[in-house]
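Structure, as structure tokens:
None of the figures in this text is laboratory data; all of them are computed from the coordinates on show. Keep in mind the model is a prediction, meaning the values are calculated, not measured. We place every Cβ from the backbone using ideal geometry, glycine too, and count neighbours over all the protein chains shown.
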Amino acid sequence: MTDAAAPRPWIKSYAEGVPDDIELPTGSLADLIQASVTEFGDSVALEFFGRETSYAELGEQINRAAEGLRKLGVRKGDPIALIMPNCPQHVVAFYAILRVGAIVIEHNPLYTPRELRHQFEEHGAKVVITWDKVVATLQEFPSDIVIDHIVSVDMTRAMPFRLRFALKLPIPPARKQRGELTAKVSGTTPWEELVDETAIKPSVAGPTAADVAVIQYTSGTTGSPKGATLTHLNLGVNAAQARAWVPTIPRGTASVHAVLPLFHAYGLTLCLTFAMSMGARLVLFPRFDPDLVLPVIKKRPPTFLPAVPPIYERLTTAAKAKGVSLEGIEIAISGAMPLSQSVITPWEQLTKGYLVEGYGLSECSPVLVANPVGDGRKQGTIGLPLPGTDIRIVSPDDPTKDMPAGEPGELLAKGPQVMSGYWKKPEATAEVFVDGWYRTGDIATIDDDGFITIVDRMKELVITGGFNVSPTEVEDVLRGFDGVADVAIVGLPSARDGEHVIAAVVQAPGKTVDEAGLRAFARENMAAYKVPKRVYLVDELPKSLIGKVLRKKVKEALLARDDVSRD
């Protein structure tokens, strides 16, 4: 059995300069950002459509926003909802919430009212900092969800004046409507008013490393989304582990492109915490679009680019088509879905840098494993446990028993980046821990050099475009469509997105289910990435003796059909 006191055989495979273990941070994420503000005050912290914010300016904005929140009544331990695309205000709000000791709860700004409402019912945040486009969504909440304050953010105000002016010229009605929308919500505060404060006094106590910093919603290994409780230590140490993994990038020299959403666990750590702790220039993109990203790469390529395979593929294709050089991108780390050689080879030919695969889960802050940045990597594996991380391969039927060397089994993990549990869900927490080890739900093998390969998934999540989709959540929505007697959601392979969300539908007697209508209904109630790519009608769904739908058998049956698309 591997534990913290036992040898870690994978250490021998670490790249040169990567430490065997890591020293745990003693401070909070508020201390992390303040250290970078102090050390790199004159350096650029944020870039947004060409407009730059120095670390000194960022620190000032964070402290002003923190005081604004304090005057709204926010106190230590309060859950605060954050609903924004990537923009400077998102970064400021994130650290301002943490500075007052409150808890950040990140949300996807493209969620429907139904999806947001479910999370608000659970975490009960009374203060929301939100993109102004989402204010209307919050208005649709039922009266039993009480929000005391809504801080409305117009992210275009962080753009250069000329661009902002050009964007607003054609749409005065939309601008007027946005103002009316904001005014209709009781307790709404413009972002500019929140930050129009004196800086929070140093005497106001901040958080400690042990305090909860973020509640990160995830589908976990089964069922509906749950909030992973992540402390300042969990997130701070994961940022430190990431720094240790790339010793060739000195602090204060890096440029990181945030093409991943900051509300996603992957983007949160590698952009919001890792990049800021590095004193890096964080270039923010509100959404990924090669036409937005390539001109910035042409001007100043990122040193470090975290993304998912479809993003690397699209950038490679677009760069070739437009004749844009990608040279200078030193390190790219891919996660959320398998990385194929067909993506790696053209990327590395164009960049002359490395593209390596990693692995993580929201419950683990999220990074657990990564390939070495160098020639010692092994394509097809997810890599090696990060410094300070332990893993075991155990029997899926009895997680207390280790599997023989080389045999597949469930991957278990233990480390300072692993969550303490799910927010207000002790039963769900107990299900994913065994003797202090976190059960990932993935079936893996480990070779003699310590490299881990994922061979199957115990969990039934669909991972599409880097996002986790809970089959249960989608099924609950689709059952509300007229004519659906039963439904099962599975993921089928996609070369572009990893997997596609697929629905197998049983029609009610005498009813006909229209695929276009069903998908339109889904779009009204779910984020776009959760909407089934295709719908297949089936006579019945395979079920266990107790009536549970066997999604694995559903998937096998669909793959055996002649009319099922292979992409």
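Within the stretch 462-559, DSSP assigns beta bridges of which about 80% are antiparallel (rounded to the nearest 5). Subtracting the Cα-Cα distance of Arg496 and Thr26 from 0.36 nm times their residue separation leaves 165.0 nm of extension gain. A helix-only calculation puts the chain at -8500 deg cm²/dmol for mean residue ellipticity at 222 nm, using -39500 (n - 2.57) for each DSSP H run of at least four residues, averaged over all residues.
Other residues within the sphere of radius under 13 Å centred on the Cβ of Ser342, judged by their own Cβ, net out at -1 (K and R +1, D and E -1).
Can you give me the Cα centroid spacing of the stretch 407-457 and the stretch 265-301 in angstrom? Centre-to-centre distance over Cα atoms comes out at 29 Å. Taking other residues whose beta carbon is less than 13 angstrom from the beta carbon of Gly483, and scoring Lys, Arg as +1 and Asp, Glu as -1, yields -2. Computing Rg and the Kirkwood Rh from the Cα coordinates of the stretch 385-457 gives a ratio, Rg/Rh, of 0.98. Working value for the stretch 462-559: equivalent-ellipsoid semi-axes of 20, 17, 12 Å, each the square root of 5 times a Cα gyration tensor eigenvalue, largest first. A cut-off under 12 angstrom between Cβ atoms defines the neighbours of Phe120, and their net charge, with Lys, Arg +1 and Asp, Glu -1, is -2. At full extension, Glu515 and Met458 could sit 17.6 nm farther apart than now, given 0.36 nm per residue minus the alpha carbon distance. For the stretch 1-135, the spherically averaged projection of the C-alpha convex hull amounts to 12.7 nm².
Annotation: average projected area of the chain is 26.8 square nanometres, based on the convex hull of Cα atoms across all directions. Along the Cα-to-C-beta direction of Phe141, a point sits 7 Å from the Cα; which residues of the stretch 69-112 have their amide N less than 17 Å from that point? Output list for this probe position: 72-75, 78-84, 103-112. Taking 25 Å as the limit for the C-alpha separation, the pairs Lys71/Lys424; Lys424/Lys533; Lys459/Lys553; Lys299/Lys378; Lys76/Lys424 exceed it in the case of Lys71/Lys424; Lys424/Lys533; Lys299/Lys378.
Sorted on the mean count of surrounding Cβ atoms within 10 Å across their residues, most packed first, peptides 91-104, 401-414 read 91-104, 401-414.
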